[in-house]
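Okay, so here's the structure we're looking at.
The values are calculated or read from the model by the stated rules, or taken from the named source; none is laboratory data. Because the structure is predicted, anything quoted here is derived from the model rather than measured. Heads up, the Cβs are rebuilt from the backbone with ideal geometry, glycines too, and the neighbour counts pull from every protein chain shown. Side chains included, ligands, DNA and RNA excluded: accessible areas come from the protein's heavy atoms. Shrake-Rupley method; radii C 1.70, N 1.55, O 1.52, S 1.80 Å.
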Amino acid sequence: MSKNVYTLEEVEQLKAWFDQAELPAEMQLDKAVYIPDVKETVRRLFLQAHVCYENPRLQGCLRLLERIKAHLEEEKKN
């Protein structure tokens, strides 16, 4: 999760993971982050990611997607 920039291929791989994942309707990511509509949030984050994946200053959308993915994977293990 500490990448400076992503390639388009990496963005597409992440999108493919989300496309096959079963997303919950809502999610409490951590104490401070509640996502009321996970599917819509992921969709919008990918819209932003496709525009700014090469800019190291605009990686927040990809970092959030990585956090959501990690959270979902952790929930699946438990």
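A few notes on this one:
- When the criteria are applied in full, Val38 meets the requirement of being among the β-branched types (Val, Ile, Thr), under 16 Å from Leu72 (Cα atoms) and free of Cβ contacts under 8 Å to residues at least 60 places away in the same chain.
- Test: residue in region 25-32 that is part of a helix (DSSP H, G or I) and either in contact with a strand residue (DSSP E or B) (Cβ under 9 Å, 6 or more places away or on another chain) or open to solvent by less than 100 Å² (accessible area, probe 1.4 Å) (or both): no
- Answer residue from region 1-12, given it is surrounded by 12 or more Cβ atoms within 10 Å (Cβ to Cβ) and either of a type outside the set (Ser, Thr, Tyr) or modelled with pLDDT of 95 or more (or both) and is farthest from Lys69 (Cα to Cα) among those: Val5
- Qualifying residue in region 55-78 (condition: without any contact (Cβ under 8 Å) to a residue 12 or more places away in the chain, open to solvent by less than 40 Å² (accessible area, probe 1.4 Å) and assigned to a helix (DSSP H, G or I)): no
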